[in-house]
Amino acid sequence: MPQEENLAAAVTHAASDIGSFIRAQREAAQVSVRQLAEKAGVSNPYLSQIERGLRKPSAEVLNQLAKALRVSAEVLYVQAGMLEPGDSNAVRDAVITDTAITERQKQVLLDIYNSFIQQNEAAFTQLEAVGNELDKGVGH
């Protein structure tokens with residue numbers, strides 16, 4: 001149970017963080033909740049719930065909100081915890097913005113993709129270390 005409680009707390013925290021960020025962006029743009037909801041194509045109550053941290057928006061909704069707020073969707077994805085800062089690349093962007101798959105499927109694809117990247121980086125680091133050792137041996 002403690003793991004489930006920690007997960008629930010993390011999701012709630014992420015939801016409130018993105019909600020606060022969206023509210024701050026909306027207020028900076030001097031737009032009402034109703035106006036932003038209309039521009040983004042979401043309901044007024046749903047946007048209000050997002051801003052209060054009661055709902056965590058999908059990547060698709062974040063994309064719509066980003067367009068309506070005239071901010072980068074990547075910025076909202078980072079705030080929502082869907083991307084690490086500076087992680088922008090074509091594969092990740094394509095997965096996150098794909099409307100044909102579910103949020104769960106997107107997360108699984110990104111997890112697999114990230115594991116491949118980590119494996120390749122680890123293999124490269126090992127090859128580099130072997131190469132350095134060989135260079136030291138040649139110098140003797």
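Values in this text are rule-based calculations from the coordinates and carry no lab data. Predicted model, so just to flag it, every value in this text is computed and none were measured. Cβ coordinates were reconstructed from backbone atoms using ideal geometry, including for glycine residues, and neighbour counts include every protein chain displayed.
Of note:
- Signed unit charges on C-beta, dipole axis of segment 93-140, positive-most listed residue GLN118, ALA100, ASN132: ALA100
- Segment 101-140, dipole about Cα centre (Lys/Arg Cβ +1, Asp/Glu Cβ -1), debye to the nearest 20: 160 debye
- By the count of other C-beta atoms within 10 Å, a proxy for reagent exposure, LEU109, LEU65 are ordered fewest to most as LEU109, LEU65.
- Listed by chain and number, the lysines whose C-alpha is less than 21 Å from the C-alpha of LYS106, apart from same-chain residues fewer than 8 away, are LYS56, LYS67.
- Sequentially through segment 59-69, phi angles give Karplus couplings (6.51, -1.76, 1.60; θ = phi - 60°) of 4, 5, 5, 4, 4, 5, 5, 4, 4, 5, 8 Hz, Gly and Pro residues having no value and appearing as x.
- Segment 34-140: trypsin sites (Lys or Arg not before Pro) falling in loop per DSSP and having at most 15 other Cβ within 10 Å: ARG52, ARG70
- From phi via Karplus (6.51, -1.76, 1.60), per-residue ³J(HN,Hα) for segment 46-57 in Hz, x at Gly/Pro: 5, 4, 4, 5, 4, 4, 8, x, 8, 10, 9, x
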